[in-house]
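The values are calculated or read from the model by the stated rules, or taken from the named source; none is laboratory data. Note that this is a predicted model, so its numbers are computed, not measured. Cβ sites come from the backbone with ideal geometry, for glycine too, and all protein chains shown count toward neighbours. Remember, those area values only see protein heavy atoms, side chains included, never the ligands or the DNA or RNA. Shrake-Rupley method; radii C 1.70, N 1.55, O 1.52, S 1.80 Å.
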Amino acid sequence: MDWLTDHKLPIGKGVQALVDWITANGSWFFDGLARVLEAMIGAILWLLQAPHPLIVVAALTALAFAIRRSVPFAAFAAAGLLLIINQGYWEETTETLALVIASTIVCMGIGVPVGIAAAHRPVFYAWLRPVLDLMQTIPTFVYLIPALILFGLGMVPGLIATVVFALPAPIRLTQLGVSSTPKTLIEAGEAFGATGWQLLWKIELPHALPQIMAGVTQTIMLSLSMVVIAALVGADGLGVPTLRALNQVNIAKGFEVGLAIVLVAIILDRLFRAERTGER
């Protein structure tokens with residue numbers, strides 16, 4: 001076995017050289033990207049933190065009722081948010097919400113077009129599938145290191161790591177929804193002279209909407225699962241008190257923060273659950 005270990009393939013060194021080259025030659029791109037992402041997160045944070053917390057709770061409760069048309073769910077959302085304020089984690093919750101919303105926007109903005117392209121081009125999806133498998137299985141800390149090098153400490157590397165982790169879900173679900181459109185519907189649209197764009201917007205995307213909405217909820221849940229890991233690279237939010245509770249072995253604080261994360265997860269899941277399309 002010595003001959004095998006003595007001739008180690010330079011995989012790690014190759015990746016290191018690639019990151020060094022990107023850092024040296026692409027700093028202008030990553031600096032610009034960081035400014036755009038910071039501006040988006042800052043705008044979401046301003047919307048959540050500038051008004052009085054009770055105003056935000058009232059607005060989110062009204063949004064919950066408007067989307068789901070359910071008084072019990074709206075009451076649960078209001079009670080959950082008020083409990084978070086009562087426990088003293090409102091600021092951290094809004095920071096986590098900003099990270100989750102921003103990562104969901106980025107993931108859906110990339111995932112839906114890529115999923116559509118993959119559904120229309122099977123060869124492209126065949127090449128894309130192992131990349132998605134790698135993104136879903138590679139340990140998060142592996143790509144946290146280059147994200148930290150390229151973007152520094154703060155919310156942006158946490159956002160990038162979250163996007164890498166969550167992006168395969170909307171791509172796969174969009175591809176599944178579009179590719180499963182019945183051929184009879186496509187043939188009927190073509191018979192009426194529909195163009196490719198008309199087939200996409202009026203037949204394929206409406207048929208794939210439940211799968212796309214499932215991609216939204218999956219992205220939200222995966223983003224929430226990253227809040228603690230994102231805190232390791234300086235991202236604010238509920239991950240910070242979670243890490244403090246872990247370091248201090250503080251059971252009370254850990255349970256309080258965990259409860260806040262669970263409440264946010266339940267509210268967002270019920271808010272964007274695709275089943276509501278069948279409740280009309």
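Return the residue satisfying two criteria in turn: it lies in region 161-192 and is touching a Ser or Thr at 6+ places or on another chain (Cβ under 9 Å) and of a type in the set (A, V, I, L, M), and of such residues it is modelled with the lowest pLDDT. Per the stated criteria, the residue is Ala161. Taking the conditions (1) under 30 Å from Ala58 (Cα atoms); (2) at pLDDT below 90 in turn, Trp90 satisfies each one other than (2).
Note on region 223-251: residues that are assigned to a loop (DSSP other than H, G, I, E, B), closer than 16 Å to Val262 by Cα and not hydrophobic (A, V, I, L, M, F, W, C) total 2. Every condition in (1) in a helix (DSSP H, G or I); (2) closer than 27 Å to Ala161 by Cβ; (3) open to solvent by 70 Å² or more (accessible area, probe 1.4 Å) is met by Leu9 except one, and the failing one is (1). Does Val257 fit the bill of being of a type outside the set (D, E, K, R), under 18 Å from the mean Cα position of the chain (by Cα) and either under 29 Å from Arg35 (Cα atoms) or buried (at least 19 other Cβ atoms within 10 Å of the Cβ) (or both)? Against the criterion (of a type outside the set (D, E, K, R), under 18 Å from the mean Cα position of the chain (by Cα) and either under 29 Å from Arg35 (Cα atoms) or buried (at least 19 other Cβ atoms within 10 Å of the Cβ) (or both)), Val257 does not qualify. Tell me, which residue of region 208-233 that is within 12 Å of Leu99 (Cα to Cα) and among the small types (Gly, Ala, Ser) is most open to solvent (accessible area, probe 1.4 Å)? Checked region 208-233; the qualifying residue most open to solvent (accessible area, probe 1.4 Å) is Ser225.
When Leu153, Leu144 are screened for being under 23 Å from Val36 (Cβ atoms), of a type outside the set (D, E, K, R) and not in a helix (DSSP H, G or I), only Leu153 passes. Would you pick out the residues in region 125-159 that are hydrophobic (A, V, I, L, M, F, W, C), open to solvent by less than 50 Å² (accessible area, probe 1.4 Å) and in contact with a Ser or Thr (Cβ under 9 Å, 6 or more places away or on another chain)? Scanning region 125-159 gives Leu150, Leu159. With the structure loaded, tell me whether Ile84 is of a type outside the set (D, E, K, R) and within 16 Å of Ala265 (Cβ to Cβ) or whether it fails that test. Yes.
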